[in-house]
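Below you'll find the structure, written out as structure tokens, and then a few comments.
The values are calculated or read from the model by the stated rules, or taken from the named source; none is laboratory data. Every value quoted in this text rests on a predicted model; they were computed, and no experiment measured them. Here Cβ is always computed from backbone atoms with ideal geometry, including for glycine, and neighbour counts include all displayed protein chains.
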Amino acid sequence: MPFFETLDYWGIQRKRKKIKCKDCGYVVGYVYDDGPPLTDSPGQFHFGPSQVIPRAPSQAVGVVRFWHSSRACKFEEHRLLPFNPNFNRSSSRNTRTRRVDILTIKTANEVVDKPEYKPGIFDHLLLTLFRNKMVEEVGWDSDKPGYDGLIEVANQLMMKAPNNAETAEASVRILRSLFPPFLLELFKMLVAPLGRGKLAAIMVARVTALSCQWLMGSCKVNSVDLPNGSTWETGVLVEKCKYLEESKCVGICINTCKLPTQSFINDYMGVPLVMEPDFSDYSCQFKFGVLPPINAEDKTLCEPCLAICPTATRRKELKTANEMQCPKL
């Protein structure tokens, strides 16, 4: 049964907490903190843009059940019927609904259902450096600070490039600009050949896990199976990619992250890499030391974009009706 579990928190100021579908990221409603509790009206759950569902006193601390439209979620395996037993199929054309996973709220500001990486000073420096390099490539910057601004610049990169290939090439240039040229050349020449590439793959995997959590979120080094049957500790598992979660766009994931990163690590560091994002749970598996498949055989490139992709909307605003779709659709 689709539901959210909420624990009431009452403060002096009115606060709003977005409630998102854990499958697709669609904002299905909001939980409001309306100040001191009243005996007969402990609060309200706001569903969608207009409909308001009052919470009964028995639900003051407990379960709030709801569902959202199938038009807002692309995951067919999550199809469910509405929880309302009195729902009349004939009264609505849209009888398919989607599961919304449990979201536990301790307070109006604290969510505890997913791994969360807290960036430090070094992470902020890396974010600033990466964003500045991206701004130089795009020729435009967002007014928003921090990570939100970075996502807007990435969206602009997607819209600026005439095709996906040029988007990927621009992203490779951004990655190259983060390193001194001689460092990449020396690594590829001196380190990459050692131990048939195993040492370099181990090094890059650990550096990735340590230095890229500000961009991707929590991640850890794990084992990967090579085509020859051996196993190396050269994998990095991103538990829930922040970049994909915030951009909500498969096109941005593929063309500004997956393909350019694979090309950069292989061509400029001499380490084969395949990245396997999972668009159902936003995880991603890095496999250093493993050659990626050709594009025609890469199943990831056949994935449709998320139903909530904002890139299509932005292209519609800036271009003609014939070019209004996200590049991945």
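Laid out as a table, the results:
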| item | result |
| --- | --- |
| Among (1) of a type in the set (Lys, Arg); (2) closer than 26 Å to GLU245 by Cβ; (3) in a helix (DSSP H, G or I), the one test that LYS188 misses | (2) |
| Residue match in region 256-265 (condition: at pLDDT below 95 and out of contact with any Asp or Glu (no Cβ under 7 Å at 6 or more places or on another chain)) | no |
| Residues of region 172-218 that turn out to be in contact with a Leu (Cβ under 6 Å, 6 or more places away or on another chain) and closer than 18 Å to LYS287 by Cβ, as a count | 0 |
| Count - residues of region 155-185 that are more than 24 Å from SER211 (Cα to Cα) and either outside any helix (DSSP H, G or I) or in contact with a strand residue (DSSP E or B) (Cβ under 9 Å, 6 or more places away or on another chain) (or both) | 3 |
| Boolean, VAL274 is more than 22 Å from LEU215 (Cα to Cα) and buried (at least 18 other Cβ atoms within 10 Å of the Cβ) | no |
| Candidate set: region 286-305, residues that are touching a residue at least 60 places away in the same chain (Cβ under 8 Å) and in contact with a Gly (Cβ under 8 Å, 6 or more places away or on another chain); chosen: the one farthest from LYS198 (Cα to Cα) | PHE286 |
| Test for LEU226: is it touching a Ser or Thr at 6+ places or on another chain (Cβ under 8 Å) and either surrounded by fewer than 17 Cβ atoms within 10 Å (Cβ to Cβ) or over 27 Å from MET159 (Cβ atoms) (or both) | no |
| Of all residues making up region 145-191, the number that are crowded, with 17+ Cβ neighbours inside 10 Å and over 28 Å from VAL250 (Cβ atoms) | 4 |
| Cross-chain or 6+ apart pairs with Cβ under 6 Å, region 137-154 first and part of a helix (DSSP H, G or I), then buried (at least 16 other Cβ atoms within 10 Å of the Cβ) and hydroxyl-bearing (Ser, Thr, Tyr) | GLY149/SER142; ILE151/SER247; GLU152/SER142; VAL153/SER142; ALA154/THR256 |
